[in-house]
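Have a look at the structure below before the remarks.
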Amino acid sequence: MNDELQVGVITQTHGIRGEVKVFPTTDDAGRFKKLREVILDTGRERIPIEIEGVKFFKQFVILKFKGYDSINDVEKYKQGKLLVTRDKAVKLKKDEYFVADLIGSLVVTEQGENFGILKDVLATGANDVYVVSREDGTEVLLPAIRDCVKAVDMEQKKITVHIMDGLL
């Protein structure tokens, strides 16, 4: 499991006073109101940054970082990932998992046959959808519902599924 979880990506600057527009990659964008610090992953370095201000605009979060007061200070951080440590992550309910922890899990059928590897999780309106990469290179979309996902074993990184009629 990763010690850090991604909560957003800086898409662009916002205004000239050092604010950035962030696309949230968390289920609850409102969590940014409570966040005091994030880790900025630029691809070359990781910078702990204190959050000074939070606003919301459409589907974006506008953040102001402490000590970054002009557009020139933040422009170089476009496409930077914003991370939080696991201890600052939201608390999960029963049968909830972080997508980052699920990715790469072995997907097996109820009969114990290897079905594929979990490649991605798509958030849709009704329920999440698991993108499973098969050995032959094809991808299968499985709804993340109780009728289909029977068990998730995070220790073994294994997901047991029931292949419902019509899915293949």
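The values are calculated or read from the model by the stated rules, or taken from the named source; none is laboratory data. The model shown is predicted, which means the values in this text are computed figures rather than measured ones. We place every Cβ from the backbone using ideal geometry, glycine too, and count neighbours over all the protein chains shown.
Of note, Lys94 satisfies the criterion of being at pLDDT below 95 and within 30 Å of Met164 (Cα to Cα).
Can you tell me which residue in segment 54-81 is farthest from Leu40 (Cα to Cα), limited to those that are within 20 Å of the chain's Cα centre (by Cα) and not in a strand (DSSP E or B)? Filtering segment 54-81 for residues that are within 20 Å of the chain's Cα centre (by Cα) and not in a strand (DSSP E or B), the one farthest from Leu40 (Cα to Cα) comes out as Lys58.
Of all residues in segment 108-125, those satisfying the criterion of being over 20 Å from Gln156 (Cβ atoms) and free of Cβ contacts under 8 Å to residues at least 12 places away in the same chain are Thr124, Gly125. Considering segment 67-79, and only residues there that are closer than 14 Å to Gly18 by Cβ and not charged (D, E, K, R), the residue that is surrounded by the fewest Cβ atoms within 10 Å (Cβ to Cβ) turns out to be Gly67. Would you confirm whether or not segment 109-118 contains a residue that is surrounded by 11 or more Cβ atoms within 10 Å (Cβ to Cβ) and under 19 Å from the mean Cα position of the chain (by Cα)? For segment 109-118, residues surrounded by 11 or more Cβ atoms within 10 Å (Cβ to Cβ) and under 19 Å from the mean Cα position of the chain (by Cα): present.
Across segment 23-38, the number of residues qualifying as surrounded by fewer than 12 Cβ atoms within 10 Å (Cβ to Cβ) and either part of a strand (DSSP E or B) or in contact with a Gly (Cβ under 6 Å, 6 or more places away or on another chain) (or both) comes to 0. For segment 141-150, the criterion of a residue being in contact with a Ser or Thr (Cβ under 9 Å, 6 or more places away or on another chain), surrounded by fewer than 16 Cβ atoms within 10 Å (Cβ to Cβ) and outside the structural domain of Lys33 (by TED's automatic domain parsing) is satisfied by at least one position. Pairing residues of segment 10-39 that are over 19 Å from Lys66 (Cβ atoms) with residues that are crowded, with 18+ Cβ neighbours inside 10 Å and among the small types (Gly, Ala, Ser), at Cβ distances under 8 Å and at least 6 apart in sequence or on separate chains, gives Phe23/Gly8; Pro24/Gly8; Thr25/Gly8; Thr26/Gly8. Pairing residues of segment 133-159 that are at negative phi with residues that are part of a loop (DSSP other than H, G, I, E, B) and acidic (Asp, Glu), at Cβ distances under 8 Å and at least 6 apart in sequence or on separate chains, gives Lys150/Glu110; Val152/Asp95.
Residue by residue, here is whether (1) more than 30 Å from Lys21 (Cα to Cα); (2) aliphatic (A, V, I, L, M) holds:
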| residue | (1), (2) |
| --- | --- |
| Phe65 | no, no |
| Thr85 | no, no |
| Lys88 | no, no |
| Ser105 | yes, no |
| Ala123 | no, yes |
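I'd like to know if segment 46-66 contains one or more residues that are surrounded by 12 or more Cβ atoms within 10 Å (Cβ to Cβ), touching a residue at least 60 places away in the same chain (Cβ under 8 Å) and among the aliphatic types (A, V, I, L, M). Scanning segment 46-66, I find no residue that is surrounded by 12 or more Cβ atoms within 10 Å (Cβ to Cβ), touching a residue at least 60 places away in the same chain (Cβ under 8 Å) and among the aliphatic types (A, V, I, L, M), so the answer is no. Restricting attention to segment 86-103, does a residue exist that is part of a strand (DSSP E or B), surrounded by 15 or more Cβ atoms within 10 Å (Cβ to Cβ) and not basic (Lys, Arg)? Within segment 86-103, not a single residue is part of a strand (DSSP E or B), surrounded by 15 or more Cβ atoms within 10 Å (Cβ to Cβ) and not basic (Lys, Arg).
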